[in-house]
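Working notes for the structure below.
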Amino acid sequence: MAKKAFKAESKRLLDMMINSIYTHKEIFLRELISNASDAIDKLYFKSLTENIGLTRSDFEIDLVIDKENRILTITDNGIGMTKDELENNLGVIAQSGSFKFKNENEDASKDDISVIGQFGVGFYSAFMVASEVTVDSKAYGGEQAYKWYSQGADGYTVTECDKQNYGTVITLKIKPNTEEEEYDDFLEEYKIRGIVKKYSDYIRYPIKMEVTHSHLKEGSENEYETHTAVETLNSMVPIWNKSKSELKDEDYNQFYKEKFFDYDDPIAHIHTKAEGTATYNALMFIPSKAPFDYYSKDYEKGLQLYSNGVLIMDKCGDLLPDYFSFVKGLADSADLSLNISREMLQHDRQLKIMAKSLERSIKNELVKMLRNDREKYEKFWKAFGLQIKFGVYNGFGAAKEQLKDLLLFYSSGEKKLVTLEEYVSRMKEGQKYIYYASGETVDKIDKLPQTELVKDRGYEILYLVDGVDEFALQMMVDYDEKQFKSVSAGDLELESPEEKEEIKAKAEESKDMFGFMKEALGGKVKDVRLSKILKSHAVCLTSDGIFSIEMEKVLSQMPTEHNAKAEKVLEINPDHQIYNTLKTLYDTDKDKLKAYTELLYNQALLIEGMAIEDPVDFSNKICSLMTI
Ligand code: ADP
């Protein structure tokens, strides 16, 4: 019988497996056991809708070790494979049988089947430990059984074979030990038991193996006798049904990484049991990094939804609000019916109650982290803070109350991220506002002329560096009854009564000049004003109204058309030498004053990080000033 070659991709993967990309070769067993469990799931699912003369307790996975012949077999009485399926599923990579099965059952509610592993690499891991792999399989309802056999990369054969029962037997010829690698372990009872416990404990069908026990002979002090018995190795209790005291962080992390395909441990896990209006067990995780597609529309939020340990939906989006969409995990409730459809679920009252209570658990966990482990929280914030800020802004601020205490912003005073509560607790006596300044980076904001005086007077400023920040704060309006105020918007009311008088007098004296300057700028600014917030710098731009310059910049980067513009005000520092120069020019040389006004305006634009309209003209004007 001629060998068939593996498809190119499969061959490459196989080579990789044989040369083991995995440091933990032992995971081959987990892969084969989950395949067996999936195959049983499929048949079990059939038994729910057709009478096939089987009940749940008939299903099992058996392991047999034959140490002498270096053979390990994994047997299941699941759905089995036809000849074609053996060819297609095991000869081709990325051909996920599980996935196909899902599609074929489109009519039946397709989420009702507990099938995992749509990646099609699992089976090949057998070659990490075996020099020969044989798969004897008989499809449920089929007549003939077939044998798939391969020694690795040079191909495989499929032949007829005798097999009484439907299901699959995988026979592994375990490799001999080499100098670098130890394979004998995979023929040791205790080792196999350990691997099953470690990776497959919550598989919902019994994994059985003959186990040898030795104990002292009755009446003897040094003579041992052994006896063997078939035992179920796994507890079959899903991890989320276990009590917290039984589980270590390690167990949770391990489960998370395997189930949600992450290389890193999660930052936190949330394991809750609820009783009452909604009864469920939930196990949720906060990843330590945002997935690469997280901030794109490809990302799909949701928790796995189980009914009594049986998966009924892989990503139930209704269980998570958008602002907590980064959470991974599952919820298992006995209150949900197994055959519930996606449409029905959306209106399910039970589900809504669950969603609310899960949301509370997530929030509590985050608050706890913020209080008790700031470093960890900041890591979380780095990954998902943006999502929380969008959460404050979206839906016209519907969730702002829930989220406001989770926010962090960089503080000018503390030189680190602070909460709003912390800011308010440090506010100076008589301080009316929570001050903020927006810009591209903390460094750039720190250098903004508008922030100098406010800092100088001892006020803390929150530096906003994300586009959404100012929108979010405006949506909130205030925190603890203290309004937010941009240092670049309107009157900050920083000056003493005497200073106020002084400024008023100066403003009066330069009113005409400012009128001329505004005119000279031809409608580019709403006003030219004497500044109350500049200390050592000559000019800056501020804005009137709620729409700030920073917001204009954010919106101008959006792909959609809009003409939202900030009402810009050019502010001149009366304590700067330039102010006197302008005054002199107003009396002696109006043309020059006009040119200077344009220069000052362009400088203010540059300080704000905005483009100037005519850089060539700007440069020419500066050059003519520089010419002696
Ligand atoms: P995955 O399980 O991720 O799809 P595998 O390479 O482990 O990828 O398996 C490929 C396919 O082979 C499975 O999807 C399944 O259809 C089939 N298969 C593997 N093991 C068994 C088994 N024990 N019983 C029935 N089908 C199996």
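Return yes or no: is Gly141 at pLDDT below 95, more than 10 Å from the ligand (Cβ to nearest atom) and surrounded by fewer than 22 Cβ atoms within 10 Å (Cβ to Cβ)? Yes, satisfied.
Residue count for the range 599-628, restricted to those that are among the aliphatic types (A, V, I, L, M), touching a residue at least 60 places away in the same chain (Cβ under 8 Å) and assigned to a loop (DSSP other than H, G, I, E, B): 1.
Where helices (runs of 4 or more DSSP H) sit wholly within the range 394-459, those with at least 2 residues that are surrounded by fewer than 20 Cβ atoms within 10 Å (Cβ to Cβ) and basic (Lys, Arg) occupy 442-447. Tell me yes or no: at least one residue of the range 172-191 is crowded, with 18+ Cβ neighbours inside 10 Å, within 16 Å of the ligand (Cβ to nearest atom) and at pLDDT 95 or above. Checked against the condition, which is being crowded, with 18+ Cβ neighbours inside 10 Å, within 16 Å of the ligand (Cβ to nearest atom) and at pLDDT 95 or above, the range 172-191 yields at least one hit.
Can you tell me which residue within the range 258-282, out of those that are among the small types (Gly, Ala, Ser) and over 26 Å from the mean Cα position of the chain (by Cα), is farthest from Leu63 (Cα to Cα)?
Our first condition is that a residue be among the small types (Gly, Ala, Ser); within the range 258-282, this holds for 268, 274, 276, 278, 282.
Next cut, over 26 Å from the mean Cα position of the chain (by Cα) only: 276, 278.
On the way: Gly276: 41, Ala278: 39 Å.
Filtering first and then ranking leaves Gly276.
Of all residues in the range 228-257, exactly one satisfies the criterion of being more than 27 Å from the chain's Cα centre (by Cα) and touching a residue at least 60 places away in the same chain (Cβ under 8 Å), namely Leu233. Apart from one condition, Trp381 fits all of (1) touching a Phe, Trp or Tyr at 6+ places or on another chain (Cβ under 9 Å); (2) crowded, with 16+ Cβ neighbours inside 10 Å; (3) farther than 26 Å from Thr542 by Cα; the exception is (1). Are any of the residues in the range 98-107 modelled with pLDDT under 65, within 12 Å of the ligand (Cβ to nearest atom) and among the aromatic types (Phe, Trp, Tyr)? Looking for residues that are modelled with pLDDT under 65, within 12 Å of the ligand (Cβ to nearest atom) and among the aromatic types (Phe, Trp, Tyr), one finds at least one in the range 98-107, hence yes.
Among the listed residues Ile286, Ile203, which satisfies the condition of being surrounded by 15 or more Cβ atoms within 10 Å (Cβ to Cβ) and either among the acidic types (Asp, Glu) or under 24 Å from Lys191 (Cα atoms) (or both)? Quick ask: steps written out before the conclusion?
Values: Ile286 fails: either among the acidic types (Asp, Glu) or under 24 Å from Lys191 (Cα atoms) (or both).
After applying the criteria, what remains is Ile203.
For the range 131-182, name all the residues that are over 22 Å from Asp41 (Cα atoms) and of a type in the set (Val, Ile, Thr). Val133, Thr134, Thr157, Val158, Thr159, Ile174, Thr178 - these are the residues of the range 131-182 that are over 22 Å from Asp41 (Cα atoms) and of a type in the set (Val, Ile, Thr). Residue count for the range 237-261, restricted to those that are out of contact with any Phe, Trp or Tyr (no Cβ under 7 Å at 6 or more places or on another chain) and among the aliphatic types (A, V, I, L, M): 1.
State which residue is nearest to Lys242 (Cα to Cα) when the search covers only the range 170-210 and only residues that are hydrophobic (A, V, I, L, M, F, W, C) and touching a Phe, Trp or Tyr at 6+ places or on another chain (Cβ under 9 Å). Give the steps one after another, and end with the answer.
Residues of the range 170-210 that are hydrophobic (A, V, I, L, M, F, W, C), as a first pass: 170, 172, 174, 186-187, 192, 195-196, 203, 207, 209.
Within this subset, residues satisfying the condition of being touching a Phe, Trp or Tyr at 6+ places or on another chain (Cβ under 9 Å) are 170, 172, 174, 186, 192, 195.
Details: Ile170: 31, Leu172: 33, Ile174: 34, Phe186: 28, Ile192: 23, Ile195: 19 Å.
Among them, the one singled out is Ile195.
Listed here are the residues, each with its yes/no results for (1) closer than 22 Å to Arg426 by Cβ; (2) free of Cβ contacts under 8 Å to residues at least 12 places away in the same chain; (3) out of contact with any Leu (no Cβ under 6 Å at 6 or more places or on another chain).
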{"site": "Val468", "(1), (2), (3)": "no, no, yes"}
{"site": "Phe471", "(1), (2), (3)": "no, no, yes"}
{"site": "Gly490", "(1), (2), (3)": "no, no, yes"}
{"site": "Glu493", "(1), (2), (3)": "yes, no, yes"}
{"site": "Ser510", "(1), (2), (3)": "no, no, yes"}
{"site": "Gly523", "(1), (2), (3)": "no, yes, yes"}
{"site": "Leu534", "(1), (2), (3)": "no, no, yes"}
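Just to verify a result, which residue in the range 460-493, among those that are touching a Phe, Trp or Tyr at 6+ places or on another chain (Cβ under 6 Å) and in a helix (DSSP H, G or I), is surrounded by the fewest Cβ atoms within 10 Å (Cβ to Cβ)? Checking each candidate, the answer is Met475. Of (1) in a helix (DSSP H, G or I); (2) within 30 Å of Lys42 (Cβ to Cβ), Tyr190 satisfies all except one. Which? For Tyr190, the exception is condition (2).
The values are calculated or read from the model by the stated rules, or taken from the named source; none is laboratory data. Quick caveat: nothing in here was measured; it's all calculated off a predicted structure. Note that we place each Cβ from the backbone using ideal geometry, even for glycine, and neighbour counts take in every protein chain shown.
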